[in-house]
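The values are calculated or read from the model by the stated rules, or taken from the named source; none is laboratory data. Worth saying up front: this structure is predicted, and the values here are computed from it rather than measured. Note: ideal-geometry Cβ built from the backbone for every residue, glycine included; neighbour counts use all protein chains shown. Quick note on the areas: whole protein, heavy atoms, side chains included, nothing else; ligands and nucleic acids left out. Shrake-Rupley method; radii C 1.70, N 1.55, O 1.52, S 1.80 Å.
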Amino acid sequence: MFNKTMQHLGEERSVIRELFEYGTARKAEIGEENVFDFSIGNPSVPAPAFVQDEIKRLIDTTPPEVLHGYTSAAGAPAVREAVAAYIQRQFGVPVSENLIYMTCGAAASLAITVTALCEEGDEFIVIAPFFPEYRIFVEGAGAKLVVVPSDGRFHLDFEALERAIGPHTKGILLNSPNNPTGAVISEEELRTLAALLEQKSLEKGEPIFLIADEPYRELTYGAEVPYPMRFYHETIVCYSFSKSLSLAGERIGYIAVSPFACRAGEIAAAVAGAGRKLGYVCAPSLFQRVCAASLGKVSDVGAYRKNRDLLYDALTSYGYECVPPEGAFYLFVKALEEDAVAFSERAKKHELLLVPSDSFGVNGYVRISYCVSRATIERSLPAFQALYREYR
Ligand code: PLP
């Protein structure tokens with residue numbers, strides 16, 4: 001009658017959403033200020049003032065039929081040119097506008113890219129812990145998801161990776177800065193990864209792709225985020241303005257195919273084909289233009305840094321274990337019992353909403369999204385302390 005896999009996907013409970021909805025109901029019950037909702041990664045700092053001004057300017061100066069009409073499927077030509085020019089300027093990679101495809105955010109960028117690359121029998125590697133939607137994108141495209149653990153500090157475990165790459169590996173999804181750990185892949189790691197992928201591509205007789213998921217590229221606290229195209233030719237960057245410009249609800253991002261990829265033009269065509277198959281038509285017209293004018297601008301990362309420092313320092317002083325995050329806006333904290341779901345339930349009794357790590361492909365941690373107000377963090381600290389005391 002209809003597709004049961006899709007029904008299952010629609011009904012499947014998302015732990016993050018469920019916790020978020022619980023938080024909304026609980027806030028109505030006991031007051032907003034008494035619930036410490038660290039469940040969701042919705043940017044808490046506003047988009048830069050420039051973005052608001054640009055929206056107004058575009059509305060005042062662009063004919064509505066242009067501003068709100070269809071653009072080319074891959075994006076308005078001037079927008080793609082601006083994105084390509086920005087990548088050239090910023091990262092020194094000579095990408096042309098033909099290799100840029102505007103999308104509805106990183107989720108769409110990833111779903112389209114995986115669909116564009118996927119052939120029967122393919123596998124895509126993800127590094128655990130990983131963004132839970134990767135499973136949906138990969139399995140939805142008909143491929144197999146291969147989960148490879150990270151090392152003890154949430155960086156790449158090259159031995160495990162080498163063992164996992166085989167004749168069916170089509171690509172590896174790499175997310176840096178990382179959700180949920182905040183880890184940033186260094187240049188040295190990227191070089192080692194590139195050498196491994198080159199060697200494995202040679203053995204396979206065709207390229208293994210690096211799919212770089214980069215919605216947090218600009219959200220770092222001192223760490224450099226190397227540009228993957230500069231280190232590995234067969235790279236496709238999946239970018240989004242959701243976090244960098246606090247525009248998560250506007251659904252805007254892009255795919256950039258590396259000009260160094262062996263068959264870059266054909267890959268870009270496959271990207272366009274996959275976007276067409278998935279029914280995207282074109283990315284939101286107004287926000288394509290807003291983002292083209294805002295390239296290089298970033299929301300107030302300083303606010304996230306302050307939140308990170310406050311929370312990390314307080315939690316570790318109470319006794320919690322956590323690797324200091326180098327980017328994004330998440331803290332990945334060791335649960336105080338083996339079962340992270342049970343720990344998250346116990347935290348709820350203190351009105352702390354923490355996401356158990358199981359859906360990220362590892363056990364025994366909780367993710368804390370610190371893209372919340374500073375006041376929320378300050379008020380939550382006694383609850384974290386009380387929770388810790390309950391265990392020790
Ligand atoms: N990839 C990662 C690692 C994310 O954390 C998110 C969103 O939180 C996405 C992709 C999807 O981002 P977007 O809102 O741009 O679709």
* Protection-proxy order for peptides 196-205, 58-67, 341-350, 328-337, each taking the mean of Cβ atoms within 10 Å per residue, highest first -> 328-337, 341-350, 196-205, 58-67
* Using alpha carbon centroids, what distance separates segment 274-291 and segment 212-239, in Å? -> 22
* Any idea what Rg and Dmax come out to for segment 69-293 if you just take the C-alpha atoms, in Å? -> 16.2, 50
* Structure fact -> In deg cm²/dmol, rounded to the nearest 500, the helical mean residue ellipticity at 222 nm of the chain, built from -39500 (n - 2.57) for every DSSP H run of length 4 or more, is -13500 deg cm²/dmol
* Candidate aspartates and glutamates - alpha carbon under 14 Å from Lys297, same-chain residues fewer than 8 apart omitted -> Asp53, Glu54, Glu218
* Go through segment 78-120 and name the GluC sites (Glu not before Pro) that are in a DSSP coil and have 12 or fewer other Cβ atoms within 10 Å of their Cβ. => Glu119, Glu120
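Quick check for me: using +1 on Lys/Arg Cβ and -1 on Asp/Glu Cβ, what's the dipole size of the chain about its Cα centre, in debye to the nearest 20?
About 600 debye.
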* Asked: Listed here are the pairs Lys306/Lys334; Lys4/Lys144; Lys4/Lys349; Lys144/Lys200; Lys170/Lys243; Lys243/Lys348; which of them are more than 25 Å apart at the Cα?
  -> Lys4/Lys349; Lys170/Lys243; Lys243/Lys348
* To do: Using a/c under 1.5 as the rounded threshold, could you call segment 125-187 rounded, prolate or oblate? The axes a ≥ b ≥ c are square roots of the C-alpha gyration tensor eigenvalues, and prolate needs a/b larger than b/c, oblate otherwise.
  => oblate
* To do: Treating the angle as unsigned and between 0 and 90°, give the value, to the nearest 10°, between the Cα long axis of helix 49-61 and the longest Cα principal axis of the chain.
  => 40
* Asked: Under a 1.4 Å probe, what is the accessible area of the chain per residue, stated in Å²?
  -> 44
* Structure fact -> The orientation-averaged projected area of the Cα convex hull of segment 165-219, in nm², is 4.0
* Taking Cα atoms of the chain, Rg/Rh with Kirkwood Rh, to two decimals? -> 0.97
* Asked: What is the calculated FRET efficiency for Ser72 to Arg263, with r their C-beta to C-beta distance and R₀ = 30 Å, to the nearest 0.05?
  -> 0.85
* Structure fact -> Using alpha-carbon positions, the gyration tensor of segment 1-147 gives root eigenvalues a ≥ b ≥ c; with a/c under 1.5 called rounded, otherwise prolate if a/b exceeds b/c, else oblate, the class is oblate
* Asked: Highest mean first, what order results for 292-305, 9-22 on Cβ atoms within 10 Å?
  -> 292-305, 9-22
* Asked: Roughly what % of DSSP beta bridges within the chain run antiparallel, to the nearest 5?
  -> 45
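Can you tell me the FRET efficiency between Glu338 and Thr62 if r is taken as the Cβ-Cβ distance and R0 is 51 Å, rounded to the nearest 0.05?
After rounding, the FRET efficiency stands at 0.35.
Is the shape of segment 224-311 best called rounded, prolate or oblate, per the rule: a/c under 1.5 gives rounded, else a/b larger than b/c gives prolate, else oblate, with a ≥ b ≥ c the square roots of the Cα gyration tensor eigenvalues?
Details: a/c = 2.59, a/b = 1.44, b/c = 1.80.
Since a/c reaches 1.5 but b/c is at least a/b, the shape of segment 224-311 is classed as oblate.
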